[in-house]
Amino acid sequence: MGGSGVSLGLLIALLLGWRGGNQRRLAVAGLFPALFNVSELVVFGLPIVLNPAFLVPFVLAPLVLVVTSYAACVAGWVPPVQEPLHWTTPVLLGGYLAAHSWHGVALQAANLLLTVLIYLPFVRAARRQAADASRRHFGALIKAIEEASLNQRAGVLERRDVVGAQARQLARALKDAIATGQLHLAYQPQVNAAGRVVGVEALLRWDYAPFGPVAPNVVVALAEEAGLVGELGDWVIRAACARMRRWRDADCVPGVTMSINLSPTQLNHAGFAGRIQDILRTHGLSAEDIEFEITESRAVAHSERTAHTLDQLARRGIRLAIDDFGMGYSSLLYMRRFDIHAIKLDGSLTREILTNPSCREIVETIATLCRSKGIRIVAEFVETEEQLRVLHGLGCTEFQGYLFSRPLPPDACLEFIRSRNGPAPEQGDARPAEPEPAAALSPLHAVD
């Protein structure tokens, strides 16, 4: 039944025991031919040939059916077959025609059930092996993407190995995720020394089944290599602006700026500044409502096209911030070439601020320079009160990190802003001056 190896039983076992993936799609495609005993699709497509996972049941299932059928004939429950049937006669109909009785149908149904039970444990074991292999390959892919991005060398999509195949599959899944709205944003508050929320950073999140969350830097690096960064970036900007509009309508976030990360590749796209202006106009936002964060890199600092785009954004009043400042290629060149409103310290400086005197000296120097040029300085990855006190003492004006809050869903972030800022101020600057008392630095209402 179902062709060689009683393949119909294998296909039913795949449908029962394998959720998703190519194997299940193969089972769906091969089920109808197998009803007429055509098994080539599954035998060579799965494959079963030379596949150790299915070798034992492929041999065992027909042998067991021979024994059960012979026993049914000897016991007189079904008569021996007296006339041949065409090999493509469908299952169950063939049993009736062979036995001229419903007993033949019942025997075939029982044999089919027995075959499914034989195949099912092997299908589940093969699924576990495939899942383990996929996790290993996915881990290797993530590592390869991170290394390629860090070293600025050729990526992974052109590789002709398992990692390359997994990368192409992930790129297709990312394209579908952008088109179908499977991505979402989380929001991490930024607070000043007075404890007020003055900004939130929109952070990309993608939960990729079956492996779970994919790191944002991996998503962006893959999108850049796959030519999807334009679509991805536009989606992030539109989603962040739409969220800010909803918060503005709730009249709960006066003076709070939405920070959005930009890829250097986006700055190379023609008409980028104009599209941003259209998005702001669509959502009824002003240029001061958002701030673009650009990671420090040689590609931005030395590219005339990106410099032109940044100048266009600045002329439209859009704030610009430099992310991971202080440990990259062209820190001072950025401040000379572009109209910068804020810098965000490189995370390595913040993490070692308590243990490395050189980091403290670097931060103090950067803070002095920022004060002289009227630029805000934001410290990321602030996780302890001691870090907070030292960074504030060195001249940092705003802070972001787990000490205050993890990245939050939209509603939780809005509630955090309300708990920090209280009623909207009637007048005054959106970013009030930081008080000196140490009590103002206490991370009250911190969110775990």
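The values are calculated or read from the model by the stated rules, or taken from the named source; none is laboratory data. Please read all numbers here as calculations on a predicted model, not as lab measurements. Here Cβ is always computed from backbone atoms with ideal geometry, including for glycine, and neighbour counts include all displayed protein chains. Each accessible area value is taken on the protein alone, full model and side chains, heavy atoms only, with ligands, DNA and RNA left out. Shrake-Rupley method; radii C 1.70, N 1.55, O 1.52, S 1.80 Å.
Of the numbered conditions (1) over 23 Å from L320 (Cα atoms); (2) at pLDDT below 90, K175 satisfies every one except a single condition; which is it?
(2)
A quick yes/no check of all residues on (1) open to solvent by 20 Å² or more (accessible area, probe 1.4 Å); (2) at pLDDT 50 or above; (3) aliphatic (A, V, I, L, M); (4) more than 28 Å from the chain's Cα centre (by Cα):
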{"residue": "C413", "(1), (2), (3), (4)": "no, yes, no, no"}
{"residue": "D429", "(1), (2), (3), (4)": "yes, no, no, yes"}
{"residue": "E434", "(1), (2), (3), (4)": "yes, no, no, yes"}
{"residue": "V447", "(1), (2), (3), (4)": "yes, no, yes, no"}
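Polar (S, T, N, Q), open to solvent by 10 Å² or more (accessible area, probe 1.4 Å) and at pLDDT below 95, is that true of T350?
no
Filter segment 1-54 down to the residues that are touching a residue at least 40 places away in the same chain (Cβ under 8 Å), part of a helix (DSSP H, G or I), of a type in the set (V, I, T) and open to solvent by less than 20 Å² (accessible area, probe 1.4 Å) and list them by number.
V43
Residues in segment 219-237: is at least one within 16 Å of G284 (Cβ to Cβ) and buried (at least 21 other Cβ atoms within 10 Å of the Cβ)? Before you say what the answer is, go through the steps one by one.
We begin by selecting, within segment 219-237, every residue within 16 Å of G284 (Cβ to Cβ); these are 237.
Cutting the leftovers down to buried (at least 21 other Cβ atoms within 10 Å of the Cβ) gives us 237.
The answer is yes, given that some residue of segment 219-237 is within 16 Å of G284 (Cβ to Cβ) and buried (at least 21 other Cβ atoms within 10 Å of the Cβ).
For segment 303-333, name all the residues that are among the hydroxyl-bearing types (S, T, Y) and either over 18 Å from L369 (Cα atoms) or modelled with pLDDT of 80 or more (or both).
S303, T306, T309
Residues being assigned to a strand (DSSP E or B) and either in contact (Cβ under 8 Å) with a residue 40 or more places away in the chain or acidic (D, E) (or both): count how many of those fall in segment 206-252.
2
Give the residue that is most open to solvent (accessible area, probe 1.4 Å), with candidates limited to residues of segment 66-81 that are in contact with a helix residue (DSSP H, G or I) (Cβ under 7 Å, 6 or more places away or on another chain) and of a type outside the set (V, I, T).
W77
Do any residues in segment 124-139 that are small (G, A, S) have Cβ atoms under 8 Å from those of residues that are modelled with pLDDT under 85 and surrounded by fewer than 13 Cβ atoms within 10 Å (Cβ to Cβ), where the two are at least six apart or on different chains, and which pairs are they?
Sorted first by the residue in segment 124-139, then by its partner, the pairs are A131/P210; S134/P210.
Among the residues of segment 82-108, which ones are within 53 Å of the chain's Cα centre (by Cα) and either more than 15 Å from S69 (Cβ to Cβ) or exposed (fewer than 14 other Cβ atoms within 10 Å of the Cβ) (or both)?
H86, W87, T88, T89, P90, L93 - these are the residues of segment 82-108 that are within 53 Å of the chain's Cα centre (by Cα) and either more than 15 Å from S69 (Cβ to Cβ) or exposed (fewer than 14 other Cβ atoms within 10 Å of the Cβ) (or both).
Scan segment 193-213 residue by residue and report those that are open to solvent by less than 20 Å² (accessible area, probe 1.4 Å) and under 14 Å from K175 (Cα atoms).
W206
Failed condition for F338, given (1) of a type outside the set (A, V, I, L, M); (2) touching a strand residue (DSSP E or B) at 6+ places or on another chain (Cβ under 8 Å); (3) open to solvent by 30 Å² or more (accessible area, probe 1.4 Å); (4) farther than 20 Å from V198 by Cβ, with all others met?
Single failed check for F338: (3).
Which residues, taken from segment 196-218, are under 29 Å from T397 (Cα atoms), at pLDDT below 90 and not polar (S, T, N, Q)?
Selection gives A215, P216.
Would you check if Q277 is farther than 30 Å from G21 by Cα, at pLDDT 90 or above and in a helix (DSSP H, G or I)?
Yes: the conditions hold for Q277.
Return the residues of segment 55-82 that are in contact (Cβ under 8 Å) with a residue 12 or more places away in the chain and either among the charged types (D, E, K, R) or part of a helix (DSSP H, G or I) (or both); say none if nothing qualifies.
Listed by number, the residues that qualify are V56, P57, F58, V59, L60, A61, P62, V64, L65, T68, S69, A72.
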